[in-house]
Each structure stands twice: as structure tokens, then as C-alpha cells.
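Okay, so here's the structure we're looking at.
The values are calculated or read from the model by the stated rules, or taken from the named source; none is laboratory data. Not measured: the values here are computed from a predicted model. Please note: Cβ atoms are built from the backbone with ideal geometry, for glycine as well, and neighbour counts cover all protein chains shown.
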Amino acid sequence: MQRRHTLRDDQWERIKDALPGKIKDPCKTCSDNRLFVEAVIWIAKTGAPWRDLPSTYDKWSNVHKRFMRWAKNGIWQMIFNTLAIKRMFNKMKQFRGIATRYGKTSVVSSGFIQLAAILLWLK
């Protein structure tokens, strides 16, 4: 496997606990999430058809089925949302006013969070 199609350790650490099929979960086919995610990355980066997935990842049909299952169950969306929210809140630390208003009322705090997010997206 080529390094350009793999996750760095720090990237893996940020998503691994949110994924289904962890070692403690009772799922025989879901034991190696990292290899699966890297297989999907390989497909996405190369643009190759699923059938061309190198066998070092797994059978292409297994990876494809699991990818589709995760897509239908919202796993990819959940990962995206989790990372986007964490990144947004890390960037919003500069908005001190939000910290003092956060939690007092949901409408006010939501309004300030949305405003801060808009300002960050406009940068």
C-alpha cells in the first residue's frame, strides 16, 4: 500500500472512536476499521472502479458493501459533522463573547455560534 492513500496516525486518532465495529463490538467483519477507511480513501483518490481495489485491503465487494452500509446509516455524515464541529469550535475560541453567553439560553447561544461560523466561513 502506498502512503499517499493512508491516514496519518493523528488523523486516525481523531476518528477511530466514533466508528462502528470497534474491537469490543460483536462484529466479525468490522474488526479493522482503519484498513477499511484507507481502502475507501484509495478508491476516492484514484478514481478507480471498486473491482480494481488492491486485495491487500480486502475483497472489493466486501469494502463496497460496507461503504454503502455506512453511507445509508449516516456514518460518513456523522464523521464529517463531528470533525466539522470540533474544528469550528477550535476556531471560534477567538470569539470570547460566545464563551460568556454559551449555555444561558439556547436561542441566544445558537445565534452567536451561527454568526461566528458565518464569519469563519467568510474568511
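Quick notes
- The set of residues in region 55-84 being of a type in the set (Ser, Thr, Tyr) and crowded, with 16+ Cβ neighbours inside 10 Å consists of Tyr57 alone.
- For region 49-63, the condition holds for at least one residue, the condition being that it is hydrophobic (A, V, I, L, M, F, W, C), modelled with pLDDT of 90 or more, out of contact with any Pro (no Cβ under 8 Å at 6 or more places or on another chain) and not in a helix (DSSP H, G or I).
- Residues that are of a type in the set (Lys, Arg) and modelled with pLDDT of 90 or more, drawn from region 18-48: Arg34
- Filter result for the condition that a residue is modelled with pLDDT under 90 and over 14 Å from the mean Cα position of the chain (by Cα), over Arg87, Arg101, Arg69: Arg101
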